[in-house]
Structure formats: structure tokens, C-alpha cells
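Participant: Below you'll find the structure I mean.
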Amino acid sequence: MAPPASILHDVRMTARFLRGLGPFLRGTIDPSDGHARLARQLRDRGTSLLQVVRDAIYAEPSSPYFALLRHAGVEYGDVARLVATEGVEGALGRLHAAGVHVTLDEVKGRRPLRRGSLEIATSPASFDNPLPSRSFAAQTGGSRGPGRRLLIDLDLIAHEACYEQVSGAALTLLDRPKAVWRPVPPGTAGLKTVLRFAKIGAPFARWFSQSPVRSAVEWRHLLFTSAAGATARWHGCRLPTPEHVPVGRADVVAAWLAACRAANTPGLVDTNAASAVRVCLAAEAAGLAIDGSLFRVGGEPYSPGKAAVLARTGCRAFTHYSMSEVGRIANACACPAALDEVHLALDKVAILQRPLAAASAAGAVQAIFLTTLIRSTPTVMLNVEVGDYATTTSRECGCPWQALGFTQHLQDIGSYEKLTAEGMHFLGSDLVDLLEGVLPAAFGGGPTDYQLIEGESDGMVTVTLAVSPRVGAVDETRVVDRLLDGLARGDAAGRMMAARWREARTIRVARVEPRATRAGKVLALHVDRTTERHAS
């Protein structure tokens, strides 16, 4: 019996990726070449956008963007004229006004794309970029809705390695001993990080994985990770071998940092913000000296509360802004005016911001609509609402990114559609069925009696499951277990994220009334902006 088409597809893509991995690792990028590449791409961003629109949209009639543009009466020549006369952002603004924009749920395949008489059923694969040639994009299975994909493209990693050169020199991290504390696939951040730094000749020494290494949630991901390591060794490049260090063993990472510090070479750990806090708390508890250590944090906002915990141990952190579907969106400012201030990667992406009210309990926000400008992003984005908001500024910061021409800054970045903790996130749309249907059916009450509230306390993200007192007596442990079981019934990534939350005991139950928006709505997800998470 022939293997399923999905398996054959994954095998072919894995083989293609591994064929490109050897040549990718054999040659490193010289800093001057990296700077020249970024400057060239920044200069030619209008031309790059038109190439993506032409080759990935108008040459692909099956693209949802093709149908959306045609429905709006926009041809390729119209886009070219808009870019020529109004620039990249001006052209994108005109397209947005014409209805050419897409929600995150539509890109994720969670709901069909509807614009007037136009209706298109989509899946995550509908927005795949047909242009990259060395990408691995394995479709995971799922009993609830479309699966997520593992997206790794070598051309994109090479481009982002140039970002690491600039940031690495500005933040004095290239010569440090480096470790990553991120999951093995289906989580992609860890593998992409070690590949980027290998490409610039600054390899990582250790890979601590919060998720189990030899019992990966899907055999395809385990095979892919093992094959990538073996291919690298065959070509003379040793990538760090993943070793399982669960979130409850932050002391292992703290001990590694203490050893680096004792050798007068303070280390760098690349991880999510919550895990960085856990490492510092573990160091405090064990009396370990890790002062001078540096953290690169991501996956959730880096708040004043988190920074205070790191400062107590003499550590500091910086944060980039990334998204799995497109990779790096903005790079850390070396002279920040705010903890999370970053330089928008204008060579690679463009953003629009539009006021969005009553989309969530976060209230009115400046929602980000993202467009990709280069050919190697695995997902094509054209005015995609990514579920995040930010404050945009332009100032003379004096850091190397400004000198290269990256003058647009973002800060106070947050999400109004995603629940994020321990570096894991779920979309608000994932939560609605569970909180409005599954939990009421199992424990009583109605669709407005359950709510997840995201906040922060003592530097750690908190997730509270509010259960209205009207529901009556409930077993709080069973409620949390049912919620996590529901979140894990999706794809492999969902199972990994739910397992992390279960292990970290992220969710707590409070017998309080769910919070309402100013419009009186009770939403599945409430982001508490009054806690220290959003302190200024």
C-alpha cells in the first residue's frame, strides 16, 4: 500500500531542505557582505514588493490574494503605479482602503475569507509562498481544525543571519558562550536560532529543550531534527544536540550560566521571557552568581516586572519581534528608550496601523497589518492583521540600526487576539468553543460564565480562569484539566503548548465574575492592562 500523500510530501520537502543545508552551513557571511545585503534590500523594497506581488500572487491564480485583488478591481499594473507614485506604505494603504486585507483567522484557515459577494474557503497552505526553494513546511494533523505548519526556509535564515551580525556586534554577544532554551520541533525558534548563528560563525554551545527530545509529539519532527543534526555534522558543522530541560529545571540553565561567569565569560541564553525569569529565580534560590549574563527573550512581552527580576541577579535582556509565519519582524534597539523598543525590519516587511476598537478587552489599539517584501518568507502576507498592536515612533537613537537606515521604531508591543504565557500562545478563536461550549456543558453555567484573563505578577505572566460563582461548586483541578485537554486536541504544536502549560501549572482558577469590556461584552480572552505587564 502506498504511503499517504502527506507523508510523501513531507519526505520530499525534508530531503530538499537537507540537500540545501550542507551548502548553507559550509559558507559563513562576512559582516561587510551582510551589511551590504541589508542596505541593498532596504533601497529596493518597492521593487521587491512588486516582485512578490507579481510572482507569488498574480502568477498564482489559486492565491486568495489574487481573488481578493480581482474582487477589488486591482490589476498588477495598478499596484505598480501605486508603488511608483505613493511608495510602499502609501500603496498598501490604498489597497487596504479598497478591501485588500486579511485577518489572522483567515490566514490560519480558521474561517473563510468573505468580502461582499466573494467567499473563499482557506487553509494555512493557501497562503504558502510558492517562491522559496529550500523550505521545510510539514503539515501536522489535528482533530480540531486545520493543522499548523513547521516553517523553516534556509534563504530566509541566511537573510536573518545578517540581522544577527548587526545586533550581535551592537549588543556585544557574538563572543559569548551561547545556549538556547527552546523546544525542539514542532517549535521552530530553537532550530532557526542555532542555524542563524552558525551561518555567521558564532555557534551555540548548548540547546536546552523545554519539550522532550526523544518522544517528540510527532515522529516526523523527531526525524527532521535528527536528520538536520546529522547533515550538519557530515558537512563539518556541529550544531548543539538538544537535551531535555523542562520548565521546572531552570536551575540547570542557571548552573550553566554560573559556570560561564566563573570562567570570566558571561553567557547568553536565548529563550522566552518567562523562562528567563525562571532562570534568575533559580539562581537566586541556589545562591548562584550569574551577574553579567545576557538573555535574548521573545515569545511574550518583556515587561518592567520581568526586567526587575533579571536586574536583581545582575542580568539584562533584549528582545526582538518575530512571527513564526514570516520570521523576524523587528530587531532590538541597542539604545532603547523602552524595554521592548525595536527597529522595524523595513527591508523585509512593511506595516500599516489602523485603530481597532472593541476587538478585545484590550480596548482601542493601533492594530498592525503586515506585508512581506522578500521572496523567502514561507508565508505571503499582504495587509494581514496579525493580532498585535504597538506604538510607532521615529527618533535618533544612535545605534547601528539607525546608521544602516532602519529608522522606524516599535515599542509597547502587545496582542489583543493571542493568549501568551511560557513562550506558548493560543489564538482567542481557539478558546471560544472551549469556554463558551465545552466547559459549560461539562460543569454548568453558560457561555459568559468562563473567561481566561492574562496578566502579570512578580515578572511572570499569569493566566487566570475566571469561573462565575453562579456556576456553583466545581472541582477546579478538573476544570483546568478539561481546558488543557481541549487545547491539546488540535495539532502537534497545540499538544506541545498545552503540555508546557500543564507542566508549568500556568492556569489558576478564580471564582469571580468574568470581566466585561466597556461595551459590556464578555469575551473568551481578557488582557488585563492594569497589571505590571503593561506598566510604563
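Participant: Hey, can you tell me all the residues within the range 141-189 that are in a helix (DSSP H, G or I), small (Gly, Ala, Ser) and modelled with pLDDT under 90?
Facilitator: Of everything in the range 141-189, just one residue is in a helix (DSSP H, G or I), small (Gly, Ala, Ser) and modelled with pLDDT under 90, namely ALA189.
Participant: Of all the residues that make up the range 365-399, how many are closer than 21 Å to THR122 by Cα, open to solvent by less than 20 Å² (accessible area, probe 1.4 Å) and not in a loop (DSSP other than H, G, I, E, B)?
Facilitator: The total comes to 8.
Participant: Please find, among ALA338, ALA359, the residue that is in a loop (DSSP other than H, G, I, E, B), at pLDDT below 90 and out of contact with any Lys or Arg (no Cβ under 7 Å at 6 or more places or on another chain).
Facilitator: ALA359
Participant: Let me ask something else about it. Does GLY314 satisfy being assigned to a loop (DSSP other than H, G, I, E, B) and touching a Pro at 6+ places or on another chain (Cβ under 6 Å)?
Facilitator: Spelling it out, it is not the case that GLY314 is assigned to a loop (DSSP other than H, G, I, E, B) and touching a Pro at 6+ places or on another chain (Cβ under 6 Å).
Participant: Is at least one residue of the range 10-29 of a type in the set (Phe, Trp, Tyr), surrounded by 13 or more Cβ atoms within 10 Å (Cβ to Cβ), part of a helix (DSSP H, G or I) and modelled with pLDDT of 85 or more?
Facilitator: yes
Participant: Being within 19 Å of THR28 (Cα to Cα), of a type in the set (D, E, K, R) and crowded, with 19+ Cβ neighbours inside 10 Å is the filter here, so list the residues in the range 167-197 that pass it.
Facilitator: Within the range 167-197, ARG176, LYS178, LYS192, ARG196 meet the criteria.
Participant: Same structure again: Suppose we filter the range 287-316 for residues that are small (Gly, Ala, Ser), at pLDDT below 95 and over 20 Å from ASP388 (Cα atoms); how many remain?
Facilitator: The number of residues fulfilling the criteria is 4.
Participant: Here is a follow-up. If you scan the range 268-281, which residues turn out to be over 21 Å from the mean Cα position of the chain (by Cα) and farther than 19 Å from TRP501 by Cα?
Facilitator: CYS280 - this is the single residue of the range 268-281 that is over 21 Å from the mean Cα position of the chain (by Cα) and farther than 19 Å from TRP501 by Cα.
Participant: Name every residue in the range 254-301 that is acidic (Asp, Glu) and either free of Cβ contacts under 8 Å to residues at least 40 places away in the same chain or out of contact with any Ser or Thr (no Cβ under 6 Å at 6 or more places or on another chain) (or both), in order of residue number.
Facilitator: Listed by number, the residues that qualify are GLU284, ASP291.
Participant: Quick one: in the range 97-126, which of the residues that are at pLDDT below 85 and of a type in the set (Gly, Ala, Ser) is surrounded by the most Cβ atoms within 10 Å (Cβ to Cβ)?
Facilitator: Within the range 97-126, the match that is surrounded by the most Cβ atoms within 10 Å (Cβ to Cβ) is GLY109.
Participant: Would you point out the residue of the range 302-321, among those that are touching a residue at least 40 places away in the same chain (Cβ under 8 Å) and open to solvent by 30 Å² or more (accessible area, probe 1.4 Å), that is nearest to the chain's Cα centre (by Cα)?
Facilitator: The selected residue is PRO304.
Participant: Take ALA441 and decide whether it is at pLDDT 90 or above and surrounded by fewer than 18 Cβ atoms within 10 Å (Cβ to Cβ).
Facilitator: So ALA441 fails the test.
Participant: Return a yes/no flag: does the range 238-254 have any residue that is modelled with pLDDT of 95 or more, in contact with a strand residue (DSSP E or B) (Cβ under 6 Å, 6 or more places away or on another chain), open to solvent by less than 50 Å² (accessible area, probe 1.4 Å) and assigned to a helix (DSSP H, G or I).
Facilitator: yes
Participant: Could you go through the range 71-83 and let me know if any residue there is touching a strand residue (DSSP E or B) at 6+ places or on another chain (Cβ under 7 Å), buried (at least 16 other Cβ atoms within 10 Å of the Cβ) and either modelled with pLDDT of 95 or more or farther than 28 Å from LYS192 by Cβ (or both).
Facilitator: Yes, the range 71-83 has at least one match.
Participant: Something else: Any chance the range 37-44 includes a residue that's within 27 Å of ALA125 (Cβ to Cβ) and open to solvent by less than 30 Å² (accessible area, probe 1.4 Å)?
Facilitator: no
The values are calculated or read from the model by the stated rules, or taken from the named source; none is laboratory data. Nothing here was measured: the structure is a model prediction, and the numbers come from that model. Reconstructed Cβ throughout: ideal geometry from the backbone, glycine too, with neighbour counts over all protein chains shown. The protein model used for the area step is the full one, side chains on, heavy atoms only, and it has no ligands, DNA or RNA in it. Shrake-Rupley method; radii C 1.70, N 1.55, O 1.52, S 1.80 Å.
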